[in-house]
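See below for the structure under consideration.
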Amino acid sequence: MEEFSKISFQEISKQDMLMIIKALEYTGENAEIPSFIELKDSILKQLSALSDSTEEEFLEYLQK
């Protein structure tokens, strides 16, 4: 198996990405696991920066 340190989100649909973000948020809040919230925040921050938008704007885009 080839080793890699980063994974691309290039082929993930908007709907799947929204589901991942919502699942991280839900699990982090309900299981009280801060690392899930931190990961969700990190993903949102990076994706919104790539799309030159705010995190709120990016979430709205995913929900369309």
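Where a number appears in this text, it was derived from the coordinates with a stated rule and is not lab data. Computed from a predicted model, the values in this text were never measured in an experiment. Reconstructed Cβ throughout: ideal geometry from the backbone, glycine too, with neighbour counts over all protein chains shown.
Quick grid of which residues meet (1) part of a loop (DSSP other than H, G, I, E, B); (2) out of contact with any helix residue (DSSP H, G or I) (no Cβ under 7 Å at 6 or more places or on another chain):
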residue	(1), (2)
E3	yes, yes
I12	yes, yes
A23	no, yes
E32	yes, yes
I37	no, no
I43	no, no
Q46	no, yes
F58	no, no
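Identify all residues within segment 1-28 that are surrounded by fewer than 13 Cβ atoms within 10 Å (Cβ to Cβ) and over 21 Å from Y61 (Cα atoms); write none if there are none.
If the condition is that a residue be surrounded by fewer than 13 Cβ atoms within 10 Å (Cβ to Cβ) and over 21 Å from Y61 (Cα atoms), then M1, E2, E3, F4, S5, K6, I7 are the ones that fit.
Among the residues of segment 37-54, count how many are exposed (fewer than 14 other Cβ atoms within 10 Å of the Cβ) and not hydroxyl-bearing (S, T, Y).
Number satisfying all stated conditions: 6.
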